[in-house]
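Have a look at the structure below, then the notes.
Nothing in this text is a laboratory measurement; each read-out follows from the coordinates by a stated rule. This is a predicted model, so every value here is computed, not measured.
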């Protein structure tokens, strides 16, 4: 059984009972996952960011969008139009595949991993967390990495609030810290 089938057939009915929701359309659902990589410091030195672009494409399964600065900030030595980051938005099958890989393979590979903080929810119920090294993903070739970069992962929900989103991630097996 795939992760998506398990989510639809097992987890959502269980959440319906746990949260006391009668209408199926009110159940919390994952809308999209956004993966960001800030590369401003790398581009300032190397000018070539194709290796990072390839790494993010391998991690997410799709080509990342190149983000450029909108205005110049002299204190940061930043000009308008400079490349500052890479971003991918995952939906559908790729989203479920990435989430399954994140929960089952990637996060357990983090050194001294004790879980992800459960305080990282915003007021809308979306979950944001950071990964310090992009090299923990098994797709990234370790020999080609010049410098490790961090990733920011945002899981966007359609839910009634933070409690419903947290209940869904817990039911999926997301490793939260015990506090």
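Here are some notes:
- Convex hull volume per residue, computed on the Cα atoms of the stretch 72-167, equals 174 Å³.
- When the Cα atoms of the chain are aligned to their principal axes, the ranges along those axes come out at 54, 36, 32 Å in descending order.
- Structure-based [θ]222 nm, the chain - -39500 (n - 2.57) summed over DSSP H runs of at least 4, per residue, nearest 500: -8000 deg cm²/dmol
- C-alpha center-to-center spacing [the stretch 50-125, the stretch 16-40] in angstrom: 18 Å
- When the Cα convex hull of the stretch 111-179 is projected onto planes of every orientation, the mean area is 5.7 nm².
- Available extension along the chain between residue 8 and residue 142 is 44.7 nm, counting 0.36 nm per residue and deducting the alpha carbon span.
- The angle between the Cα long axis of helix 92-101 and the longest principal axis of the Cα atoms of the chain comes to about 90 degrees, rounded to the nearest 10.
- For the chain: relative contact order, % (alpha-carbon pairs under 8 angstrom, 6 or more apart): 30 percent
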